[in-house]
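Notes follow once the structure below has been shown.
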Amino acid sequence: VDHVAYLADGRVFSADRSNVARVWGGAAREWRLGPDRAHGVSAHPTRNWVAVHDARRLTVWDADAAAAVAELPVARAAVFSPCGRWLAAAAGDTVRVLSVPGWQPVAVLRGHAADVSAVAFTPDGGR
């Protein structure tokens with residue numbers, strides 16, 4: 001297992017090196033994420049969604065249905081805000097803050113001197 005996240009209902013989501021996603025506990029599920037190995041995951045705080053980014057794309061999965069909710073441009077890192085209204089996604093030297101579930105940019109942060117490799121929100125979601 002390379003990546004783990006807790007879903008909103010308390011179950012555990014994992015992605016392994018063979019690119020298989022699993023939901024553990026309760027209504028367990030298993031599915032293949034795609035051709036590329038996951039680089040990271042972030043769970044939505046109120047829905048059983050998980051954002052999985054790899055070398056080609058950022059996919060938001062509905063863990064209950066094992067189905068893609070959204071496929072977005074490639075991201076090196078991604079995280080949902082604590083309130084669940086936004087998803088921050090880093091690609092190159094830019095961070096896009098997207099509305100959830102509309103997936104439209106609400107802010108674009110540019111000007112970093114190098115590629116952005118991590119994103120985060122404050123615990124209160126204010127920044």
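May I ask for the net charge around LEU33, where only other residues with Cβ less than 15 Å from the Cβ of LEU33 are counted and Lys, Arg are +1 while Asp, Glu are -1? Don't skip to the end; give the middle numbers.
Working: positive: ARG17, ARG22, ARG29, ARG32, ARG37, ARG56, ARG57; negative: ASP2, ASP16, GLU30, ASP36, ASP54, ASP62, GLU71.
With Lys, Arg at +1 and Asp, Glu at -1, the neighbours total 0.
Which sequence of VAL41, VAL4, VAL69 reflects their accessible areas, 1.4 Å probe, from the largest down?
Working: VAL41 35, VAL4 90, VAL69 55 Å².
From most exposed to least exposed: VAL4, VAL69, VAL41.
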Subject >> Sites ALA68 and THR94 - FRET efficiency at Förster radius 35 Å, r taken between beta-carbons, to 0.05 >> reply: 0.90
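With Cβ to Cβ distances under 9 Å as the rule, what net charge do the other residues near ALA89 carry (K, R +1; D, E -1)? Display every interim value, and only then the final one.
Values: positive: ARG76, ARG96; negative: none.
Overall, the nearby charge balance is +2.
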Original post:
For SER99, what charge total do you get from the other residues with a beta carbon under 15 Å from its beta carbon, if Lys and Arg give +1 and Asp and Glu give -1?
Top reply: +3
**OP:** In whole Hz, with x marking every Gly and Pro, tabulate ³J(HN,Hα) for the range 31-44 from phi via Karplus 6.51 cos²θ - 1.76 cosθ + 1.60, θ = phi - 60°.
**Re:** 7, 8, 7, x, x, 9, 5, 5, 9, x, 9, 8, 8, 6
Original post:
Mind listing the phi-derived Karplus ³J(HN,Hα) values for the range 91-103, rounded to whole Hz, using 6.51, -1.76 and 1.60 with θ = phi - 60°, and x for any glycine or proline?
Top reply: 8, x, 9, 10, 10, 9, 9, 9, 6, 10, x, x, 6
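The values are calculated or read from the model by the stated rules, or taken from the named source; none is laboratory data. Remember, predicted model here, so these are calculated numbers, not experimental data. We place every Cβ from the backbone using ideal geometry, glycine too, and count neighbours over all the protein chains shown. The area values use the complete protein model at the heavy-atom level, side chains included, leaving out ligands, DNA and RNA. Shrake-Rupley method; radii C 1.70, N 1.55, O 1.52, S 1.80 Å.
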